[in-house]
Amino acid sequence: MERYVTVRRSFSAGHTEPSCGPRHHGHTYSLKATAGSKDADALVKALDAFVGEIDQREMTEQFPAVPPTPEGLALFLLERLRLTVPSILRVRIGTGQMSWEVIDR
Ligand SMILES: [Zn+2]
């Protein structure tokens, strides 16, 4: 039987993204990431570090190479988590009633 842990966080960040709106604005995002339960501590540490970098900041200033969208952030975060959380399985980032999920297969 495989065991998993899901860690939830939230953060607020600003962006200018034409597909989302014509002017600069911000969102509060929900973040969920799931990994093997043996990596729980590493997952908490990695997510807290990510939130510390992006919360109350501009997405494009913090991560210039990342598309400033929930999907872009989720893909970026999944790649990054692979470095310190070997069993990372999925990352979900959402705003309001929509979320974007990337799954490592
Ligand atoms: Zn937006």
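Summing Lys and Arg as +1 and Asp and Glu as -1 over all other residues whose Cβ lies under 10 Å from the Cβ of T84 gives a net charge of +2.
Using the rule -39500 (n - 2.57) for each DSSP H run of four or more residues, divided by the residues of the chain, the 222 nm mean residue ellipticity is -10000 deg cm²/dmol.
A simple charge model with +1 on the Cβ of Lys and Arg, -1 on the Cβ of Asp and Glu and nothing else charged puts the dipole of segment 1-51 at about 100 debye relative to its Cα centre. Rounded to the nearest 10 degrees, the inclination of helix 40-54 to the longest alpha-carbon principal axis of the chain is 10 degrees.
Put a dot 7 Å past the Cα of S30, heading toward its Cβ, do the same for L83, and the two dots end up 2.9 nm apart.
How much net charge surrounds P68 when only the other residues with a Cβ under 12 Å from the Cβ of P68 are counted, with Lys and Arg +1 and Asp and Glu -1? Counting the neighbours of P68, the net charge comes to -3. In terms of the Cα gyration tensor, with a ≥ b ≥ c the square roots of its eigenvalues, is the chain rounded because a/c is under 1.5, prolate because a/b exceeds b/c, or oblate? Prolate is the answer for the chain, as a/c is 1.5 or above and a/b outweighs b/c. Helix 70-84 versus the longest principal axis of the chain: what is the Cα-based angle in degrees, 0 to 90, to the nearest 10? Its long axis makes an angle of about 40 degrees.
Each residue of segment 94-100 is assigned a 3J(HN,Hα), and the resulting list reads x, 10, x, 9, 10, 9, 10 Hz, derived from the Karplus form 6.51 cos²θ - 1.76 cosθ + 1.60 (θ = phi - 60°), x at Gly and Pro.
Computed over neighbours whose Cβ is under 11 Å from that of V102, the net charge equals -1, Lys and Arg +1, Asp and Glu -1. If you sort the three axes of the alpha carbon gyration tensor as a ≥ b ≥ c, you get a/c of 1.5 or more for segment 40-91 and a/b no higher than b/c, which makes it oblate. Here's the picture: charge each Lys and Arg Cβ at +1 and each Asp and Glu Cβ at -1 in the chain, and of L89, G26, P70 the one pushed furthest to the positive end of that dipole is L89. Packing, as the average of other Cβ atoms within 10 Å across residues, places the peptides 69-79, 16-26, 88-98 in the order 69-79, 88-98, 16-26, highest first.
Computed from the coordinates by the stated procedures, all read-outs in this text should not be read as laboratory data. Worth saying up front: this structure is predicted, and the values here are computed from it rather than measured. Don't worry about glycine lacking a Cβ; one is built from the backbone with ideal geometry, like all the others, and counts go over all protein chains shown.
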